[in-house]
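Read the figures in this text as sums done on the coordinates, not as results from a lab. Just so it is clear, the structure is predicted and the values come from calculations on it, not from any experiment. When we count neighbours, we look across all protein chains shown, and the Cβ atoms used for this are built from the backbone with ideal geometry, even at glycine.
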Amino acid sequence: MLDPRLCYQWKHAIAPVLNVGCESDPGHFGFSRKNVNLDRDLWRGYRRFVCGDAEALPFKARSFATVMLGDVVDHCLHPAAVIREALRVASRRVVITVPENDVHDIEQEDATHHAAFLRTLGQVRSFAKDSTLAYTHKTHGVWTRARLVALLDEIGAFTTVEATGSQHPPGWGAVIETD
């Protein structure tokens, strides 16, 4: 069964998609040759992959119809900056999902083992120095519907925040239309 947050993302994606922070599977949005995956870690075997920072996307304004922030802002120290940058690059919409109460915090040793495992699979060639996979995979605080609404209000992106599925605990999603 597919994760309800991933189904929510697919439901709202308009190609071409920039999939920011693809983390454990850069292939989620491989249905179009125009789609691009971006992560701080350098992945192998994925076409249309860019190593970069979500707070400084290396693309021109309005380069993609959809910018996908699937379970990304909950891992960012500056989530408002990430959303603002996604809005700059999107021509149609930004899709955001967050898992509620996903407060796992992998210890340094576990993160190192996870990085080594991905290397053995041949998926990741190198990691950014402060990579979420190589060093921490920390969720910054508890994410609730109210917290996502407050973040969107802070940046002036007024939109509906809705449950992304029936999983427990629930996840939340928002689609910000840019045009």
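Legend: ranking of residues LEU38, LEU6 from fewest to most surrounding C-beta atoms inside 10 Å; resulting order LEU6, LEU38. Note on ILE96, ILE176, ILE83, ILE14: ascending count of other Cβ atoms within 10 Å places them as ILE14, ILE176, ILE83, ILE96, the fewest first. Exposure proxy for VAL67, VAL94: other Cβ atoms within 10 Å of each Cβ, ordered fewest to most, give VAL94, VAL67.
Grab the Cα-Cα distance for ARG33 and TRP10, subtract it from 0.36 nm times how many residues apart they are, and report the gain in nm with one decimal.
On the way: separation 23, 0.36 × 23 = 8.28 nm, distance 1.57 nm.
Length difference between fully extended and current span is 6.7 nm.
Gain on full extension, evaluated as 0.36 nm per residue between ILE155 and ALA81 minus their Cα-Cα distance, stands at 25.8 nm.
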